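Presented below is the structure to which this report refers.
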Amino acid sequence: MPFTRINSKMVEAHVLPGQRLFSQRGAMLAYRGNVSFTPNMQGGQGGIGSMIGRRLANEATPLMTVEGHGSVMFGHGGHHVHCVDLSGDTLYVEADRLLAFDGSLRQGTMFMGSQGGVMGVIRGQVTGQGLFTTTLQGHGAVAVMAHGGVIELPITPQRPVHVDPQAYVAHRGDVRNKLSTALGWRDMVGRGSGEAFQLELSGQGTVYVQASEEKL
């Protein structure tokens with residue numbers, strides 16, 4: 001169920017009988033046809049276990065189940081929207097960045113310590129995004145939100161990518177992440193609160209970076 005881009009801050013999805021998608025509550029802007037919206041208490045396709053993982057960390061983002069026959073337009077808070085098409089791989093994304101996603105995708109949670117060890121946990125604390133991140137796996141489309149648009153940066157074994165943790169939106173592929181410290185010119189002039197830490201992503205995949213360091 002691919003998303004059609006209306007403009008930089010709105011997307012449209014066509015819903016068919018027997019299919020469904022999930023969206024962040026409050027993200028529906030308008031719809032046409034016979035479409036229903038139901039509060040989702042199961043944590044998406046990942047089931048109750050996925051929801052419990054985020055509840056334990058107080059990080060659950062309320063979802064709506066969207067079903068029926070018609071088209072739905074999504075957007076939220078004037079944020080820029082970026083669409084990602086998955087072909088059997090996994091997208092790692094902060095829950096509050098999710099706008100909408102295909103109901104065929106399996107949703108889960110991953111403890112940040114399992115990627116990058118202790119530094120993965122520190123990354124969650126430094127970014128303010130918590131200790132868990134959401135995973136979406138399978139074949140389908142995902143619409144994520146960001147400040148100021150998104151750029152896709154390839155990650156290769158020969159060329160890891162360093163990202164400001166506040167600019168990180170999501171990543172996909174066989175990627176390891178760890179938090180590293182760096183002293184740059186901004187530290188020298190007293191502006192090193194964020195730039196003193198860098199998120200290093202290595203392996204094979206893609207990282208999605210927003211143009212602004214602001215949080216949603």
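Could you report the accessible area of Thr156 in Å², rounded to 10, computed with a 1.4 Å probe on the protein chains as they sit in the structure?
Probe radius 1.4 Å; accessible area of Thr156 about 40 Å².
How far, in nm, would the chain grow between His14 and Thr38 when pulled straight, counting 0.36 nm per residue and subtracting the alpha carbon separation?
Once the chain is fully extended between His14 and Thr38, it gains 6.9 nm.
Quick query: amide H of Ile6 versus all other amide H atoms, modeled in the peptide plane; which residues come in under 5 Å with a sequence gap of 5 or more or a different chain?
Close amide H contacts, sequence-distant or interchain: Val11, Glu12.
Ignoring everything but the protein chains, give the 1.4 Å probe accessible area of Tyr92 in square angstrom, nearest 10.
40
Protein chains only, probe 1.4 Å: how do Glu67, Glu152 rank by accessible area, largest first?
Details: Glu67 75, Glu152 95 Å².
Most to least solvent-accessible, the answer reads Glu152, Glu67.
Hey, what do the phi angles of segment 74-89 turn into as Karplus ³J(HN,Hα) couplings, whole Hz, using 6.51/-1.76/1.60 and θ = phi - 60°, x for Gly and Pro?
Per-residue couplings from phi come out as 10, x, 7, x, x, 6, 5, 10, 10, 9, 10, 9, 9, 10, x, 9 Hz.
The values are calculated or read from the model by the stated rules, or taken from the named source; none is laboratory data. These numbers come from a predicted model, not from an experiment. Ligands, DNA and RNA are stripped out before the accessible areas are found, and what is left, the full protein with its side chains, is counted by its heavy atoms. Shrake-Rupley method; radii C 1.70, N 1.55, O 1.52, S 1.80 Å.
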